[in-house]
1. Give all pairs with beta carbons closer than 9 Å in which a residue from the stretch 67-89 that is within 14 Å of Val120 (Cα to Cα) meets a residue that is of a type in the set (S, T, N, Q) and surrounded by fewer than 14 Cβ atoms within 10 Å (Cβ to Cβ); count only pairs at least 6 apart in sequence or on separate chains.
2. With respect to Arg202, is the statement that it is buried (at least 19 other Cβ atoms within 10 Å of the Cβ), in a strand (DSSP E or B), at pLDDT 95 or above and touching a strand residue (DSSP E or B) at 6+ places or on another chain (Cβ under 7 Å) true?
3. When you go through Ala80, Ala105, Ala25 one by one, which is the residue that is open to solvent by 70 Å² or more (accessible area, probe 1.4 Å) and at pLDDT below 95?
4. Out of the stretch 178-195, which residues are in a helix (DSSP H, G or I) and either more than 17 Å from Glu242 (Cα to Cα) or touching a Ser or Thr at 6+ places or on another chain (Cβ under 9 Å) (or both)?
5. Please identify the pairs in which a residue from the stretch 94-108 that is closer than 8 Å to Arg138 by Cα has its Cβ atom under 7 Å from the Cβ atom of a residue that is among the β-branched types (Val, Ile, Thr) and surrounded by fewer than 21 Cβ atoms within 10 Å (Cβ to Cβ), counting only partners at least 6 apart or on another chain.
6. Within the stretch 50-70, can you find the residues that are more than 14 Å from the chain's Cα centre (by Cα) and either open to solvent by 30 Å² or more (accessible area, probe 1.4 Å) or among the small types (Gly, Ala, Ser) (or both)?
7. Looking at (1) surrounded by fewer than 15 Cβ atoms within 10 Å (Cβ to Cβ); (2) under 24 Å from the mean Cα position of the chain (by Cα); (3) in contact (Cβ under 8 Å) with a residue 12 or more places away in the chain, which one does Ala142 not meet, given that it meets all the others?
Amino acid sequence: MAITGALIVGVVTLAKVAEDTFQTASTAIEDVQVWKTVTRRIDRAIRRSYANEQFPGVLVVPRVAAGFSFPETLVVWMPADGKPADPTGRPRLNELVFFMPAEQAPDELREYTMPDSQAVAPPVDDGAGWRSLVEQIRTNTALPSILLTNRLRYFLLGDQKLGAVRFYLEMAPSIEEWKNSSLSWEDLSWPQGLFAPDRGQRRVRIRIEMQLAPSPTTAGFDAPYCRTFIGSLSFYYTLQKENRVTQ
(Lines give C-alpha, C1' and ligand atoms only; values in the text may rest on other atoms or scores of the structure.)
Protein backbone atom coordinates (compact mmCIF):
# COMPACT_ATOMS: atom_id res chain seq x y z
CA MET A 1 0.00 0.00 0.00
CA ALA A 2 2.87 2.37 0.80
CA ILE A 3 4.48 1.70 -2.60
CA THR A 4 1.15 2.15 -4.39
CA GLY A 5 0.56 5.43 -2.52
CA ALA A 6 3.99 6.71 -3.50
CA LEU A 7 3.36 5.81 -7.14
CA ILE A 8 0.00 7.61 -7.10
CA VAL A 9 1.60 10.74 -5.62
CA GLY A 10 4.33 10.60 -8.28
CA VAL A 11 1.82 10.24 -11.12
CA VAL A 12 -0.30 13.13 -9.82
CA THR A 13 2.80 15.32 -9.48
CA LEU A 14 3.90 14.54 -13.03
CA ALA A 15 0.42 15.26 -14.33
CA LYS A 16 0.39 18.61 -12.53
CA VAL A 17 3.80 19.52 -13.93
CA ALA A 18 2.67 18.57 -17.43
CA GLU A 19 -0.49 20.66 -17.07
CA ASP A 20 1.44 23.69 -15.82
CA THR A 21 3.99 23.33 -18.61
CA PHE A 22 1.25 23.14 -21.21
CA GLN A 23 -0.50 26.20 -19.77
CA THR A 24 2.74 28.19 -19.69
CA ALA A 25 3.58 27.23 -23.26
CA SER A 26 0.08 28.12 -24.48
CA THR A 27 0.23 31.53 -22.80
CA ALA A 28 3.69 32.18 -24.23
CA ILE A 29 2.49 31.35 -27.75
CA GLU A 30 -0.47 33.68 -27.33
CA ASP A 31 1.78 36.51 -26.12
CA VAL A 32 4.09 36.06 -29.11
CA GLN A 33 1.12 36.23 -31.47
CA VAL A 34 -0.04 39.49 -29.88
CA TRP A 35 3.47 40.94 -30.24
CA LYS A 36 3.64 39.87 -33.88
CA THR A 37 0.25 41.42 -34.60
CA VAL A 38 1.34 44.76 -33.15
CA THR A 39 4.73 44.86 -34.86
CA ARG A 40 3.30 43.77 -38.21
CA ARG A 41 0.90 46.71 -38.10
CA ILE A 42 3.71 49.13 -37.28
CA ASP A 43 6.00 47.55 -39.89
CA ARG A 44 3.25 47.90 -42.51
CA ALA A 45 2.93 51.62 -41.76
CA ILE A 46 6.68 52.18 -41.86
CA ARG A 47 7.09 50.30 -45.15
CA ARG A 48 4.45 52.60 -46.67
CA SER A 49 5.94 55.74 -45.12
CA TYR A 50 7.29 58.79 -46.93
CA ALA A 51 10.37 60.73 -45.83
CA ASN A 52 12.25 63.82 -46.94
CA GLU A 53 14.61 66.46 -45.55
CA GLN A 54 11.77 68.09 -43.56
CA PHE A 55 10.43 64.93 -41.92
CA PRO A 56 12.29 61.61 -41.51
CA GLY A 57 9.26 59.40 -42.10
CA VAL A 58 8.83 58.59 -38.41
CA LEU A 59 9.01 60.53 -35.18
CA VAL A 60 8.87 59.63 -31.49
CA VAL A 61 6.96 62.04 -29.24
CA PRO A 62 7.63 61.63 -25.52
CA ARG A 63 4.98 62.12 -22.86
CA VAL A 64 6.10 64.20 -19.90
CA ALA A 65 4.63 63.17 -16.53
CA ALA A 66 5.83 64.12 -13.05
CA GLY A 67 9.00 65.55 -14.55
CA PHE A 68 9.88 62.32 -16.38
CA SER A 69 9.86 61.68 -20.13
CA PHE A 70 8.24 58.54 -21.55
CA PRO A 71 8.68 57.93 -25.32
CA GLU A 72 5.34 56.18 -25.77
CA THR A 73 4.06 57.67 -29.06
CA LEU A 74 5.28 56.74 -32.54
CA VAL A 75 4.25 58.95 -35.48
CA VAL A 76 4.50 57.64 -39.05
CA TRP A 77 4.07 59.70 -42.22
CA MET A 78 1.88 57.40 -44.33
CA PRO A 79 0.14 59.37 -47.12
CA ALA A 80 -2.54 57.67 -49.19
CA ASP A 81 -0.99 55.77 -52.12
CA GLY A 82 2.40 57.07 -51.01
CA LYS A 83 1.68 60.51 -52.52
CA PRO A 84 1.92 63.34 -49.96
CA ALA A 85 0.30 66.73 -50.50
CA ASP A 86 3.72 68.41 -50.23
CA PRO A 87 6.54 66.02 -51.23
CA THR A 88 9.29 68.49 -50.27
CA GLY A 89 7.63 69.95 -47.16
CA ARG A 90 6.07 68.75 -43.93
CA PRO A 91 3.21 66.23 -43.76
CA ARG A 92 -0.45 67.10 -43.39
CA LEU A 93 -2.08 65.77 -40.23
CA ASN A 94 -4.42 63.52 -42.24
CA GLU A 95 -1.33 61.77 -43.63
CA LEU A 96 -0.03 60.77 -40.20
CA VAL A 97 -0.59 57.62 -38.14
CA PHE A 98 -0.11 57.69 -34.36
CA PHE A 99 0.66 54.56 -32.30
CA MET A 100 0.18 55.13 -28.56
CA PRO A 101 -1.71 53.97 -25.44
CA ALA A 102 -5.28 55.15 -25.01
CA GLU A 103 -5.96 57.87 -22.46
CA GLN A 104 -8.91 56.26 -20.69
CA ALA A 105 -7.65 52.69 -21.09
CA PRO A 106 -3.84 52.57 -20.68
CA ASP A 107 -3.86 48.80 -21.25
CA GLU A 108 -4.90 49.49 -24.87
CA LEU A 109 -2.34 50.23 -27.57
CA ARG A 110 -4.14 51.96 -30.43
CA GLU A 111 -3.50 53.31 -33.90
CA TYR A 112 -4.98 56.81 -34.36
CA THR A 113 -5.55 58.92 -37.48
CA MET A 114 -6.87 62.43 -38.19
CA PRO A 115 -8.58 61.96 -41.58
CA ASP A 116 -10.37 65.33 -41.60
CA SER A 117 -7.43 67.62 -40.80
CA GLN A 118 -5.55 69.37 -43.61
CA ALA A 119 -3.31 71.27 -41.18
CA VAL A 120 0.45 71.06 -41.59
CA ALA A 121 2.37 69.13 -38.94
CA PRO A 122 4.79 71.04 -36.65
CA PRO A 123 8.51 71.12 -37.50
CA VAL A 124 10.41 68.05 -36.34
CA ASP A 125 12.34 70.01 -33.72
CA ASP A 126 9.20 71.63 -32.24
CA GLY A 127 8.85 69.30 -29.26
CA ALA A 128 6.19 71.38 -27.51
CA GLY A 129 4.08 71.52 -30.68
CA TRP A 130 4.19 67.77 -31.13
CA ARG A 131 3.38 67.07 -27.48
CA SER A 132 0.39 69.42 -27.72
CA LEU A 133 -0.81 67.66 -30.88
CA VAL A 134 -0.50 64.21 -29.31
CA GLU A 135 -2.37 65.40 -26.23
CA GLN A 136 -5.23 66.62 -28.44
CA ILE A 137 -5.42 63.19 -30.07
CA ARG A 138 -5.19 61.42 -26.73
CA THR A 139 -8.16 63.30 -25.29
CA ASN A 140 -10.34 63.36 -28.44
CA THR A 141 -12.52 60.26 -28.19
CA ALA A 142 -14.21 61.06 -31.51
CA LEU A 143 -11.08 60.34 -33.55
CA PRO A 144 -11.03 57.00 -35.40
CA SER A 145 -8.67 54.40 -33.96
CA ILE A 146 -7.80 50.73 -34.28
CA LEU A 147 -7.18 48.55 -31.22
CA LEU A 148 -3.89 46.66 -31.54
CA THR A 149 -3.96 45.01 -28.10
CA ASN A 150 -5.74 45.45 -24.77
CA ARG A 151 -3.10 43.61 -22.76
CA LEU A 152 -0.56 46.38 -22.41
CA ARG A 153 0.83 46.53 -18.90
CA TYR A 154 0.43 49.91 -17.21
CA PHE A 155 1.69 51.58 -14.07
CA LEU A 156 0.72 54.52 -11.87
CA LEU A 157 2.73 57.74 -11.69
CA GLY A 158 0.95 60.09 -9.33
CA ASP A 159 -2.63 60.18 -10.59
CA GLN A 160 -1.70 59.13 -14.15
CA LYS A 161 -1.78 55.65 -15.66
CA LEU A 162 0.94 55.07 -18.27
CA GLY A 163 1.20 52.15 -20.66
CA ALA A 164 4.42 50.12 -20.74
CA VAL A 165 5.40 50.68 -24.36
CA ARG A 166 8.49 52.60 -25.47
CA PHE A 167 9.71 53.75 -28.87
CA TYR A 168 13.30 54.86 -29.51
CA LEU A 169 14.43 56.60 -32.68
CA GLU A 170 17.97 56.67 -34.07
CA MET A 171 19.04 58.45 -37.25
CA ALA A 172 22.35 58.75 -39.08
CA PRO A 173 22.96 61.50 -39.87
CA SER A 174 20.84 62.91 -37.05
CA ILE A 175 18.61 65.97 -37.32
CA GLU A 176 21.09 67.95 -35.21
CA GLU A 177 23.96 67.03 -37.52
CA TRP A 178 21.92 67.83 -40.61
CA LYS A 179 21.31 71.39 -39.38
CA ASN A 180 24.78 71.97 -37.93
CA SER A 181 26.60 74.48 -40.11
CA SER A 182 29.95 73.56 -38.57
CA LEU A 183 29.79 70.08 -40.08
CA SER A 184 30.73 69.70 -43.72
CA TRP A 185 28.84 67.35 -46.04
CA GLU A 186 31.63 64.78 -45.81
CA ASP A 187 31.72 64.94 -41.99
CA LEU A 188 28.11 63.90 -41.52
CA SER A 189 27.71 60.41 -40.02
CA TRP A 190 26.71 58.64 -43.22
CA PRO A 191 26.07 54.93 -42.49
CA GLN A 192 28.70 52.79 -44.22
CA GLY A 193 29.90 55.88 -46.08
CA LEU A 194 26.82 55.88 -48.31
CA PHE A 195 27.01 59.38 -49.80
CA ALA A 196 27.89 61.15 -53.02
CA PRO A 197 28.79 64.81 -53.68
CA ASP A 198 25.12 65.77 -54.06
CA ARG A 199 23.20 63.16 -52.05
CA GLY A 200 23.48 60.63 -49.23
CA GLN A 201 21.59 57.83 -47.50
CA ARG A 202 20.08 58.38 -44.06
CA ARG A 203 19.45 55.32 -41.89
CA VAL A 204 16.40 55.43 -39.62
CA ARG A 205 16.05 52.83 -36.87
CA ILE A 206 13.07 52.40 -34.54
CA ARG A 207 13.40 50.24 -31.44
CA ILE A 208 10.24 48.99 -29.71
CA GLU A 209 9.88 47.75 -26.14
CA MET A 210 6.55 46.48 -24.82
CA GLN A 211 5.29 44.58 -21.78
CA LEU A 212 2.23 42.34 -22.10
CA ALA A 213 0.07 41.39 -19.12
CA PRO A 214 -1.70 38.01 -18.77
CA SER A 215 -5.10 39.58 -19.50
CA PRO A 216 -6.82 42.99 -19.66
CA THR A 217 -8.11 42.50 -16.11
CA THR A 218 -4.60 41.93 -14.70
CA ALA A 219 -2.68 44.61 -16.61
CA GLY A 220 -1.76 46.72 -13.58
CA PHE A 221 1.75 47.10 -12.24
CA ASP A 222 1.12 44.35 -9.68
CA ALA A 223 0.25 41.80 -12.41
CA PRO A 224 1.32 38.25 -11.44
CA TYR A 225 3.70 38.17 -14.40
CA CYS A 226 4.30 39.94 -17.67
CA ARG A 227 6.40 39.29 -20.74
CA THR A 228 8.73 41.87 -22.22
CA PHE A 229 9.27 42.03 -25.98
CA ILE A 230 11.98 44.01 -27.77
CA GLY A 231 12.28 44.54 -31.52
CA SER A 232 13.57 47.00 -34.09
CA LEU A 233 12.82 48.20 -37.62
CA SER A 234 15.11 50.08 -40.00
CA PHE A 235 14.93 51.78 -43.37
CA TYR A 236 17.00 54.10 -45.58
CA TYR A 237 16.07 57.11 -47.68
CA THR A 238 17.91 59.73 -49.72
CA LEU A 239 18.88 63.22 -48.54
CA GLN A 240 19.63 65.86 -51.17
CA LYS A 241 22.52 68.22 -50.46
CA GLU A 242 20.72 71.13 -52.13
CA ASN A 243 17.89 70.79 -49.58
CA ARG A 244 20.15 71.05 -46.55
CA VAL A 245 19.37 74.10 -44.41
CA THR A 246 21.97 74.73 -41.69
CA GLN A 247 21.77 76.86 -38.60
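1. Close Cβ pairs satisfying both conditions: Ala85/Gln118; Thr88/Asn243.
2. Working: buried (at least 19 other Cβ atoms within 10 Å of the Cβ): yes; in a strand (DSSP E or B): yes; at pLDDT 95 or above: yes; touching a strand residue (DSSP E or B) at 6+ places or on another chain (Cβ under 7 Å): yes.
Against the criterion (buried (at least 19 other Cβ atoms within 10 Å of the Cβ), in a strand (DSSP E or B), at pLDDT 95 or above and touching a strand residue (DSSP E or B) at 6+ places or on another chain (Cβ under 7 Å)), Arg202 qualifies.
3. On the way: Ala105 fails: open to solvent by 70 Å² or more (accessible area, probe 1.4 Å); Ala25 fails: open to solvent by 70 Å² or more (accessible area, probe 1.4 Å).
None of the other options fit; the residue is Ala80.
4. Residues of the stretch 178-195 in a helix (DSSP H, G or I): 178-179, 185-187, 191-193.
Selection gives Trp178, Lys179, Pro191, Gln192, Gly193.
5. As it stands, the answer is Glu103/Thr139, since those pairs meet every condition given.
6. First, pick out the residues of the stretch 50-70 that are more than 14 Å from the chain's Cα centre (by Cα): 50-56, 64-69.
Of everything in the stretch 50-70, those that are more than 14 Å from the chain's Cα centre (by Cα) and either open to solvent by 30 Å² or more (accessible area, probe 1.4 Å) or among the small types (Gly, Ala, Ser) (or both) turn out to be Tyr50, Ala51, Glu53, Gln54, Val64, Ala65, Ala66, Gly67, Phe68, Ser69.
7. In the conditions (1) surrounded by fewer than 15 Cβ atoms within 10 Å (Cβ to Cβ); (2) under 24 Å from the mean Cα position of the chain (by Cα); (3) in contact (Cβ under 8 Å) with a residue 12 or more places away in the chain, Ala142 misses (3) alone.
The values are calculated or read from the model by the stated rules, or taken from the named source; none is laboratory data. These figures come from a predicted structure and were not determined experimentally. Because the Cβ atoms are built from the backbone with ideal geometry, glycine has one as well, and the counts that use them run over all protein chains shown. Heads up: the accessible areas ignore ligands, DNA and RNA and are worked out on the full protein's heavy atoms, side chains in. Shrake-Rupley method; radii C 1.70, N 1.55, O 1.52, S 1.80 Å.
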